[in-house]
Structure formats: C-alpha cells, structure tokens
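This report refers to the structure that appears directly beneath it.
What follows draws every value from the coordinates through simple rules; no lab data is involved. Because the structure is predicted, anything quoted here is derived from the model rather than measured. Glycine gets a Cβ as well: all are built from the backbone with ideal geometry, and neighbour counts include every protein chain shown.
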Amino acid sequence: MNNEYNCWLQERKSQAAIALLPLLNTIFAEEGALPGGGEVAVQAVEEFRRGIKRLLGFSPSVHFSQSAQAGGCGVFLGTVSRLEKIFSLSGQKQAAGGFTIRFRDKQLVIAGQDEPGLLYGVFRFLALLAMDLVHDGLEISDAPVSPLRMINHWDNLDGTIERGYAGPSLFYRNGRFDYDRQRIEDYARLLASVGINRISINNVNVRDEAKLLITEEYLGDVAALAAVFRRFGIKLFLSINFGAPWSLGKLPSADPLAPDVAAWWKERAALIYKYIPDLAGFLVKADSEGEPGPFLYNRTHADGANMLAQAVGPHGGEIIWRCFVYNCQQDWRDHSFDRARAAYDHFMPLDGAFNDNVILQIKFGPYDFQVREPVTPLFGSFSKTRHVMELQITQEYTGHQIDLCYLPWFWEDLMCFDTAQGPASRISELVGPYSGGHSFIEGFAAVVNVGLDRNWTGHTLAQANLYGYGRIAWNPNLTATEIAREWSVLSFGTGPAAERIAAILLKSYPAYEKYNAPFGVCFMVTPGLHYGPNIEGYEYSRWGTYHRADAKAIGIDRTPSGTGYTSQYSAKNAAMFADPASCPENLILFFHRLRYDYKMKNGETLLQNIYDTHFEGYEEAAAMLEQWKSLKDSLEEEVYQAVLSRFERQLANAREWRDQINTYFFRKTGIADKRGRKIYD
Ligand code: GCU
C-alpha cells in the first residue's frame with residue numbers, strides 16, 4: 001500500500017526486518033563521539049531506528065551501547081576508522097560518502113567512510129530491507145561516483161515556484177520564510193536517502209525580496225533552514241543577484257573589477273558566514289535572460305566568478321556559475337545567429353581562467369532542457385575548469401507533471417553519450433572528482449520538482465524522477481530500468497503491481513517524445529507556459545529557437561555549411577552529426593534542414609515518420625491509461641484516482657499534439673498519410 005507522502009520511504013512490514021529483531025537488542029553506535037561534532041552520525045543512528053520501526057510496524061526495544069566487541073551479536077553503526085579495528089573490514093579507502101554493509105554471524109555492520117557515508121549506508125540498508133534483499137552473508141560496499149549531488153530550487157519568496165507544478169514553495173510565503181519544520185525535515189530525509197548533499201534554496205532569477213536573503217533581515221532564517229538540512233549532510237547554496245552591490249549596496253556599479261565592488265562582496269560574505277559558517281557558497285545566473293552580469297561592464301565571466309570566489313574562498317565557500325548565457329534578443333529574420341552555439345562560444349575560451357573554488361554549471365544540452373537535444377559540446381572539452389551537469393527534474397518541457405514522463409530513461413541516454421575526446425570519454429566515464437588536466441564532471445545539479453502538494457510532486461509517479469535523479473547523480477552507470485524497479489518496489493511493495501508500474505514508467509518517455517516536437521527539432525510548445533503544442537509559437541520571437549518550416553523542408557542546418565555548430569564537437573562527433581546518414585535520427589532535425597521527402601532509415605519519408613510517430617505517441621499514451629486502469633484493485637484508491645485523472649489529462653494533451661503537428665505538416669505539404677489515418681485539415 002502506498003502513502004504518497006512517504007514516497008519511497010513507505011511504512012511496510014518486511015519479513016527480513018522481523019528476522020533482524022534479535023539483533024536489535026544491542027545497537028552499538030558512535031553516538032556523538034565522532035570527530036566534527038557527530039551531528040550527521042547521530043542522525044544516521046536515528047534514521048536506522050526510524051527505518052526499522054517503519055518496516056516492523058512497531059518500535060523494537062533498543063539498547064544503545066558505545067562499546068563494541070568483535071564477537072558480539074548486534075548492530076554496529078559507525079565510521080570505518082573506528083569499526084575496522086573491531087571487524088576486519090576489507091577494502092581500500094572509499095570516496096567521501098562511501099560505506100560498507102556486512103551482515104553475517106548475527107552481526108550487522110554498517111560502516112561509513114565518514115559521517116555522511118554512515119547515513120547513506122543506513123538508508124541503503126533500509127532500502128534493501130524494504131525490497132526483501134537482505135540475507136545472511138550480505139556484503140556491499142558502495143561510494144558516490146560524483147562528489148557534488150545538488151538540488152536547485154527555483155522558489156520565490158512570495159511562495160511561487162518558477163516552473164513549479166506541485167503546489168507552492170516548501171520554504172516561503174508572502175515574502176517571508178514560512179514552513180512546516182517537520183515537512184522540511186521529511187524532505188531532507190528523502191533527499192539524503194538518495195545521496196543528495198547540496199541544495200540551493202532560491203530561484204536563480206533573484207528578484208524582489210530574494211535579493212535580501214543576504215542581509216541580516218533574512219540571514220537568521222537562512223541559518224535556521226541550514227540547521228535542518230545540516231543533520232542530513234546537506235549544505236546550502238544561496239542564489240545571488242550579481243547586481244547586488246549596486247541595487248542593495250548603493251555603489252555606483254557592480255563591476256567585478258572595481259575595488260569597492262570586490263570589497264563589498266568580501267564584507268557581505270563575512271557577514272553571511274557569521275550566520276551560516278558552513279554555507280556551501282553562491283549560485284549565480286549572470287548575463288542571462290535579463291539578469292545582470294559582468295558583460296554590463298565589458299568584463300568576462302571569469303572576472304565575475306573569480307571576484308565572488310575570492311569573497312567566499314576564505315570561508316571555504318564555492319561559486320557555482322551557470323553557463324546558460326545566450327542572447328535572448330534575437331531577430332528571427334537573421335539566419336546567421338545560432339543560439340545553440342552560445343554556451344561553448346562564451347565559455348570554452350575561458351577554460352582555465354577560473355579560480356579553484358569556481359564550478360561551472362552547464363545545462364546538459366545547448367538549448368534548454370528540451371525533450372530531445374544533443375549533449376552540449378562543452379562536456380569532454382573543458383579540461384582546466386571544474387564543472388557539473390545541470391538537469392531538470394521539474395517537467396517544464398516534459399509535461400508539467402500532468403503527463404507521465406520518466407526522465408531517467410532519457411538521462412541514461414545522456415550518460416551513454418560518447419564525447420569522443422580521449423579514452424573513456426562517455427559522459428558516465430567522465431563523472432568523478434576533479435583533478436586538474438582532466439575533463440571530469442564533478443557531479444550534477446538539477447531543478448527540483450517538489451512543492452507543497454501532499455505527494456510532493458503533483459503526479460505521484462513523478463516521485464520516480466526525484467528518486468532517479470538522486471540515484472543517477474550518485475552513480476551515472478545505473479540504468480533507467482534498475483532505477484524504475486527499485487523505485488516501484490520501494491513505493492508500491494514487492495507484489496506484482498510494482499513490476500507493472502515500472503513497465504509503465506519505462507514506456508512513458510518514448511511516448512511523450514513521439515507526440516512532441518519531431519526528431520529533435522525542439523520548441524514547438526506554447527510560449528511562456530511550455531505545456532501543449534504551439535508549432536510556430538517561438539517562430540517569430542526573440543528567443544532564438546526557430547525551426548523555419550516551409551512547404552518543402554524543416555530544421556536548421558548546423559553543419560559547417562550552415563551555422564557551424566557541429567564543429568564545436570570533437571572531430572569524430574562533428575563528422576557524425578554533420579552527415580545526415582550518421583546523425584542519430586532522433587536528433588536529425590536539430591542538426592539538419594531536411595526536405596519532407598528525405599528517406600529515413602526505415603525507408604519512409606521524414607513526413608511519413610512525423611505522422612507515424614504522432615499517431616503512435618497518442619496510442620502509447622492511451623495504452624498507459626489502460627494499463628493503469630488494470631491496476632485498480634492493487635492500489636490505494638486515492639493514489640489510483642489521482643494518477644488516473646493525470647493520465648486522462650495526458651491523453652487529451654497527446655491528442656492535441658498529435659493533431660496539431662499532423663495538421664500543420666499536412667497543410668504545409670498537402671501530402672496525406674499513406675496509411676489513411678485521420679488528419680484534420
Ligand atoms: C528556462 C526557463 C526559465 C529559467 C531558465 C534558467 O529558460 O524557462 O524559467 O529561468 O531556463 O535556466 O535560468
């Protein structure tokens with residue numbers, strides 16, 4: 001049974017947990033005795049206790065002890081440095097956050113490489129227990145591949161969320177911090193249970209009261225929120241407005257090279273760190289979509305980021321600087337400009353120019369979280385600058401959490417992309433701790449999909465996207481199928497329903513992609529809102545996202561004979577993308593302008609493929625609805641009904657997409673569907 005508030009941490013009787021009962025009489029834990037204060041370790045022990053209760057249905061009588069003995073029976077929770085002296089724990093030193101779980105001879109040992117590692121080990125053990133995967137002889141060691149696993153909130157202080165589809169903000173209301181502390185703690189627990197270790201708490205577009213978060217009016221509140229997350233090993237970032245010295249400090253400018261500006265930020269950082277000594281740092285959107293930045297003063301992004309880095313550096317802080325920088329005042333009449341080139345053109349020349357405590361945050365693709373766009377050429381190219389990949393869990397372009405769209409299915413594709421720059425050059429192979437001279441991706445940041453809705457994510461099945469993000473950020477080699485199965489069992493139990501729900505999840509992305517903009521052409525959505533079709537909605541606008549469909553052809557030529565975007569990739573990928581014969585077909589309209597009679601690999605024309613995919617996408621959405629209906633008797637009525645109504649709305653949306661796209665191209669070309677299906681005129 002599923003209580004949607006609890007997400008993947010359901011209360012459910014587990015036989016394996018009952019079998020553990022005799023061990024629970026003694027829990028040896030290093031409570032409060034660890035270096036660094038032990039707050040996270042204490043929380044880990046508390047999570048073990050809570051988790052066991054969740055899976056037993058009652059609180060076992062637990063006796064805590066601080067002295068462990070090698071031969072004793074019981075549960076041993078601690079850090080490797082303490083426990084390895086007692087138990088011969090094999091293995092080399094793990095990365096930060098790593099852990100070992102060992103269950104044999106009536107001893108359960110969970111040893112973290114550090115305190116967060118202990119916490120993650122406890123959560124992993126509880127997940128295994130909930131999935132009935134704990135058995136005598138179990139021994140697992142794991143560690144996060146990415147050091148940085150971050151959530152970005154686009155929450156505004158008035159309580160709205162930019163691109164939020166699950167109710168108002170968890171943190172703010174009417175210009176103030178206003179939250180249910182228990183709920184924030186439950187949120188931190190969910191995040192920590194999948195390994196998240198950083199969170200930015202306000203929208204990257206820092207406007208109105210949010211500009212004041214770095215003033216004493218709000219810093220006490222920021223500190224109080226930081227305290228809740230800290231126990232779960234999660235540190236806060238604040239999004240800041242680059243223009244603050246001017247707008248807040250009343251200086252004549254915010255020029256990063258002006259000494260009074262640098263001094264203003266230094267002083268400000270000192271004040272902020274007095275309140276939150278372990279603040280992770282600042283997240284910055286500069287010179288983008290109207291936000292101020294160094295370009296205003298003819299300075300580079302390195303000038304801007306480094307100046308801030310010097311302000312937070314003495315306090316151990318970092319600057320995360322976004323590469324989402326492009327000209328959003330384009331003229332659709334001008335074919336010479338290509339927005340897809342922007343991030344690389346702006347940032348590649350600056351590789352190596354950033355301070356050590358600057359991390360660039362790069363959207364996965366050159367556009368903007370589209371349903372299908374290529375991996376940006378910056379990955380694999382940067383070798384002297386720390387950087388992370390930015391994903392979007394909130395479903396801005398993927399159905400607003402009305403439509404089901406299981407994102408790990410697409411993220412797996414991204415992780416498999418081979419940048420073809422040197423050996424081991426797939427994205428998943430590039431993820432790891434940064435060491436100068438290598439193009440390592442230090443981790444991930446993602447715009448989150450939660451709000452005050454009771455089920456957190458609006459669509460209950462969209463919880464799988466939050467879960468999946470955490471898992472992929474932890475280990476980018478995990479597959480979408482593995483994650484879907486894990487999530488479904490944790491959320492819906494070990495019965496047959498879980499397998500069927502996982503199967504629905506895995507069909508959802510391809511279905512959504514089929515009824516959306518065809519073959520990587522992007523941006524056929526309703527302007528502003530970004531839900532539902534509007535095929536020419538962005539065609540004559542300033543945003544630089546055109547498809548230029550006419551009666552004969554569609555798409556932008558991004559090869560060297562066009563905008564030259566393909567040349568930003570490694571030679572191998574540039575050649576692969578530049579030739580329609582080798583370009584992956586799901587991206588063919590991103591890279592090429594093609595006639596509608598272009599023959600695709602299945603022998604059909606491009607136009608016929610557009611018709612076919614749109615009929616299929618609708619049929620697949622209809623099939624998902626039917627599959628959901630067949631689960632009626634296995635599910636909690638409330639969850640069943642809520643998800644059912646979303647599937648019904650999704651079907652209406654899929655119908656609009658199918659018919660508007662097909663009619664659009666039919667009207668342009670006058671060519672009918674060769675299979676004679678209904679296309680409206
Ligand atoms: C998209 C999105 C905006 C957001 C921006 C960003 O353009 O529509 O709402 O501010 O991305 O990533 O900064």
Checklist entry - Does anyone have the angle between helix 39-56 and the longest principal axis of the chain? Alpha-carbon axes, 0 to 90°, nearest 10? => result 90 degrees
Checklist outcome for this item: For Y397, Y664, ascending order of other Cβ atoms within 10 Å (fewest first) is Y664, Y397
Item to check | Dipole of region 599-681 [Lys/Arg +1, Asp/Glu -1 at C-beta], most positive-end residue of Q641, W628, A654 | outcome: A654
Checklist entry - So what's the angle, to the nearest 10 degrees on a 0 to 90 scale, between helix 606-629 and the longest Cα principal axis of the chain? => result 30 degrees
Checklist entry - How would you classify region 148-478 from its alpha-carbon gyration tensor, with a ≥ b ≥ c the square roots of the eigenvalues: rounded for a/c under 1.5, else prolate if a/b is greater than b/c, otherwise oblate? => result rounded
Next on the checklist: Testing the spin-label approximation: label points 7 Å from Cα along Cα→Cβ at C328 and S541. State their distance in nm.
Outcome noted: 1.0 nm
Next on the checklist: Run the paramagnetic zone check for A424: 7 angstrom along Cα to Cβ, then residues of region 571-604 with backbone nitrogen under 18 Å.
Outcome noted: none
Checklist entry - Relative to the present Cα-Cα distance, how much length would full extension add between D356 and E39 at 0.36 nm per residue of separation? => result 111.3 nm
Item to check | Amide proton proximity set for I441, modelled H, under 5 Å, gap of 5+ | outcome: V431, G432
Checklist entry - Given a Förster radius of 41 Å and the C-beta distance between E638 and E616 as r, what FRET efficiency does 1/(1 + (r/R0)^6) yield to the nearest 0.05? => result 0.80
Checklist outcome for this item: Looking only at lysines whose Cα falls under 17 Å of K235's and that sit 8 or more positions away or on another chain, we get K274
Next on the checklist: Calculate the FRET efficiency for N205 and D178 from the Cβ-Cβ distance with a Förster distance of 25 Å, rounded to the nearest 0.05.
Outcome noted: 0.75
Item to check | Distance in nm between pseudo-label sites at K250 and K13 (7 Å out along the Cβ direction from Cα) | outcome: 6.9 nm
Checklist outcome for this item: Exposure-ranked with fewest Cβ neighbours within 10 Å first, S336, S383, S146 stand as S336, S383, S146
Next on the checklist: Can you tell me which lysines have their Cα less than 16 Å from the Cα of K211? Leave out same-chain residues fewer than eight positions away.
Outcome noted: K250, K285
Checklist entry - Listing E209, E289 from the residue with the fewest other Cβ atoms within 10 Å to the one with the most, what is the order? => result E289, E209
Item to check | Antiparallel bridges, percent of DSSP beta bridges restricted to the chain (to nearest 5) | outcome: 30 percent
Item to check | Per-residue HN-Hα couplings for region 230-236 [Karplus 6.51, -1.76, 1.60; θ = phi - 60°; Hz; x = Gly/Pro] | outcome: 4, 4, 9, x, 10, 9, 8
Checklist entry - What does a probe at C416 reach in region 473-512, counting residues whose amide N is under 17 Å from the point 7 Å along Cα→Cβ? => result 476-485, 506-511
Checklist outcome for this item: With -39,500 (n - 2.57) per DSSP H segment of 4 or more residues and division by the full residue count of the chain, the 222 nm estimate, nearest 500 deg cm²/dmol, is -11000 deg cm²/dmol
Next on the checklist: In Å, what Kirkwood hydrodynamic radius results for region 221-303 from the alpha-carbon pair distances?
Outcome noted: 13.9 Å
Checklist entry - S81 to N25: FRET efficiency via 1/(1 + (r/R0)^6), r the Cβ-Cβ distance, R0 35 Å, to the nearest 0.05? => result 0.85
Item to check | For peptides 643-652, 272-281, 362-371, sequence by mean Cβ density within 10 Å, most packed first | outcome: 362-371, 272-281, 643-652
Checklist entry - Taking amide H positions as placed 1.01 Å from N in the peptide plane, with prolines and chain starts having none, which residues 5 or more places from G281, or on another chain, fall under 5 Å of its amide H? => result L238, E318
Checklist entry - What's the long-distance tail for the chain, i.e. % of Cα pairs beyond 38 Å? => result 37 percent
Item to check | Rg/Rg_globular for region 4-142, with Rg_globular taken as 2.2 N^0.38 Å and Rg from C-alpha atoms | outcome: 0.96
Checklist entry - Just how many pairs of Lys in region 4-142 have C-alpha atoms closer than 28 Å, counting pairs that are eight or more places apart or on different chains? => result 6
